Amino acid sequence: MPPRSRTDSLTPENLVELTEAVAEGRRVTVYFREATPSLNLEAGSSARVVSVSGTTVMLRPKGVNDELPFEADELRMTKTGPAAATPKRRPAVKPAQNEPGKAPVAVKPTAAVPVKPQATPATPPAESVKEPVVASQPQAKAAQPPAQAPAPKTAPAARKRTSKKAPTSVSVTIYGSADNEWTVAVTHGARRPGKSAPVTPDAVERAVRELGQPAALEAVDSLLGAAREEAERRVAELSRQLEEARDALAALGVEE
């Protein structure tokens, strides 16, 4: 790559002019010296100056919706750079005049060697590298090794059963009413009591007697005793009503 000349890139004076123009709110445009394939920008593409910090110029290139930093030696004030200087040709050497009496000496003229300017190689555009696709060739069946018998599958390890966390406490509540209706409810720890389930009076009596707790046994016996008395009274009342109904039938001459 040929060295960059000072006149082909932004000079310190150019940076001062750009800084003053941006401060005054004027629109200033610079141009790229070389192509930028990653942004699809060719050499000579324009860009609007957003700010200047030292030798770094913040630009918004044309066609790019973003602000990007570039160095001063990557930019110039004109779209095209200065014309390359044409190489100077060496003057042809004139043959010397022969003195009288001397044989002429042939002098070969020196040909001018043209100087070829070195061209700046353009950066090739980035191309996506394609991975070669290797076609698999079918192999003869005879060349294939004999298939091995599949290894027996090991039985999956039995999962360990995680035991449920035992409750810190359990409460069993037995409820009895004057109507001889009994229910039992179970509460685990600090949880809400479960739904009450009905139980028979004789089951409650047997359970309390098994516990052997005198106070509980007395409370249950008192409620069961009241329930028995109420049942006996109802039986007596129904028996009396039955006798009265029989007497009424007998008075009507109806035999049972």
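Residues in segment 213-221: is at least one acidic (D, E) and either touching a helix residue (DSSP H, G or I) at 6+ places or on another chain (Cβ under 8 Å) or modelled with pLDDT under 85 (or both)? Yes, because at least one residue in segment 213-221 is acidic (D, E) and either touching a helix residue (DSSP H, G or I) at 6+ places or on another chain (Cβ under 8 Å) or modelled with pLDDT under 85 (or both).
So that you can scan it fast, the table gives a plain yes or no per residue for (1) assigned to a helix (DSSP H, G or I); (2) within 18 Å of V172 (Cα to Cα); (3) in contact with a Pro (Cβ under 9 Å, 6 or more places away or on another chain):
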residue	(1), (2), (3)
R192	no, yes, no
V204	yes, yes, no
A207	yes, yes, no
A216	yes, yes, no
L223	yes, no, yes
A231	yes, no, no
R234	yes, no, no
Q241	yes, no, no
D247	yes, no, no
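Summed over segment 33-79, the residues that are assigned to a strand (DSSP E or B), under 34 Å from the mean Cα position of the chain (by Cα) and in contact (Cβ under 8 Å) with a residue 40 or more places away in the chain give a count of 0.
Pairs are defined by a Cβ separation below 8 Å, a sequence spacing of at least 6 or placement on different chains, a first member in segment 235-256 that is free of Cβ contacts under 8 Å to residues at least 24 places away in the same chain, and a second member that is among the charged types (D, E, K, R) and surrounded by 10 or more Cβ atoms within 10 Å (Cβ to Cβ); the pairs so defined are E256/R246. Taken over segment 155-189, the criterion of being in contact with a Pro (Cβ under 9 Å, 6 or more places away or on another chain), among the small types (G, A, S) and either at pLDDT below 80 or in a loop (DSSP other than H, G, I, E, B) (or both) is satisfied by G189 alone.
Out of A47, A23, one residue alone is among the aliphatic types (A, V, I, L, M) and either buried (at least 17 other Cβ atoms within 10 Å of the Cβ) or at pLDDT 95 or above (or both). It is A47. Every listed requirement among (1) closer than 22 Å to E181 by Cα; (2) surrounded by fewer than 10 Cβ atoms within 10 Å (Cβ to Cβ) is met by L223 save one, (2). A single member of V16, V28 is of a type in the set (A, V, I, L, M), exposed (fewer than 12 other Cβ atoms within 10 Å of the Cβ) and free of Cβ contacts under 8 Å to residues at least 24 places away in the same chain, and it is V16.
The values are calculated or read from the model by the stated rules, or taken from the named source; none is laboratory data. Since the model is a prediction, treat every value here as computed from it, not as a measurement. Quick reminder, even Gly has a Cβ in these numbers, built from the backbone with ideal geometry, and neighbours come from all protein chains shown.
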